[in-house]
1. Taking segment 39-123, which GluC sites (Glu not before Pro) meet the DSSP loop condition and have no more than 15 other C-beta atoms within 10 Å?
2. How compact and how long is the chain, expressed as Rg and Dmax of its alpha-carbon atoms in Å?
3. Can you tell me the mean projection area, over all orientations, of the convex hull of segment 1-110's alpha carbons? Units nm², please.
4. Could you give me the ³J(HN,Hα) list for segment 17-24, computed from phi with Karplus coefficients 6.51, -1.76, 1.60 and θ = phi - 60°, whole Hz, x at Gly and Pro?
5. Treating the angle as unsigned and between 0 and 90°, give the value, to the nearest 10°, between the Cα long axis of helix 97-106 and the longest Cα principal axis of the chain.
6. Going by alpha carbons, how many degrees (0 to 90, nearest 10) lie between the helix axis of 150-159 and the longest principal axis of the chain?
7. Only Lys, Arg, Asp and Glu count, each charged at its Cβ (+1, +1, -1, -1), so figure out the dipole size of segment 140-214 about its Cα centre, rounded to 20 debye.
8. Using only alpha carbon pairs under 8 Å that are at least six residues apart, calculate the relative contact order of the chain and give it in whole percent.
Amino acid sequence: MSIIFDEIVALCDNQYKEFSKKLIPGCDNILGLRAPFARAIAKKYANTPTGSKFLSALPHKYHDENIVHAYMLGMQKDDTEKSKKMIIDFLPYVTNWAVCDSLCMSLKRFFKKPELVYDFVLECLKSDKTYTVRFGLVSLLDYYVDNKHIDDLIRISTNIKSEEYYINMALAWLLSVMLVKEYENTVVIFEKRLLPKWVHNKAIQKAKESYRISKEKKEYLCELRYN
């Protein structure tokens, strides 16, 4: 086992392990590493020979190793193309929402010039892998919800049809952010009922939770819900 794995094990918490299992259904390979410790380990070894060896040692056995891996990818100083390859290599081993969303959240450096990697994000949406598609959707909501991309996002969000819960949840989340940031353009999707019923209602529910949408708009969104 690696030095990094030994540090992960030393910092694990059984109480957090049991808590995490409840949040991530079907994920039984959890050791119980809390996020601040995972980030600290990633920061310690990012851009070092030990870190590079860890990143190349796929697949990892434990969920917590994947979380550290996700954080470490976000700390890479490599050029965009090399970082993209490392993300592509990792995505097949992303098998739950927690690793997927941690990865997206960590990639601020990678998305610093979002247009350079926009085509890559769109390619992810074409995957047959649930969490690669979710990675694409969460990347869009984190880095691309603006007036420049809104027409694309409307087209993308109304064309995705899936039976996968974690894809649909990410899609609803994306749509809710679109309602927050680009309300006038996005509300038309709901007025025309262009989405599956569950995604439609879930997006409205999540948008209503935002303090950045006015009371009047929230009331109107409620009127647009499917009964």
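None of the figures in this text is laboratory data; all of them are computed from the coordinates on show. Because the structure is a prediction, the values reported are computed rather than measured. Every residue, glycine as well, gets a Cβ built from its backbone with ideal geometry; the counts of neighbours run over all protein chains shown.
1. On the way: sites: Glu65, Glu81, Glu115, Glu123; in loops: none.
Passing sites in segment 39-123 do not exist.
2. Computed over the Cα atoms of the chain, radius of gyration and Dmax are 18.8, 57 Å.
3. Numbers: hull surface 24.7 nm².
Averaging across all directions leaves 6.2 nm² for the Cα convex hull.
4. Coupling constants for segment 17-24: 4, 5, 4, 5, 4, 6, 7, 10 Hz.
5. 90 degrees
6. 90 degrees
7. Values: 11 positive and 10 negative charges, 51 e Å.
That gives a dipole near 240 debye.
8. Working: 246 pairs, mean separation 27.9, N = 227.
Relative contact order of the chain: 12 percent.
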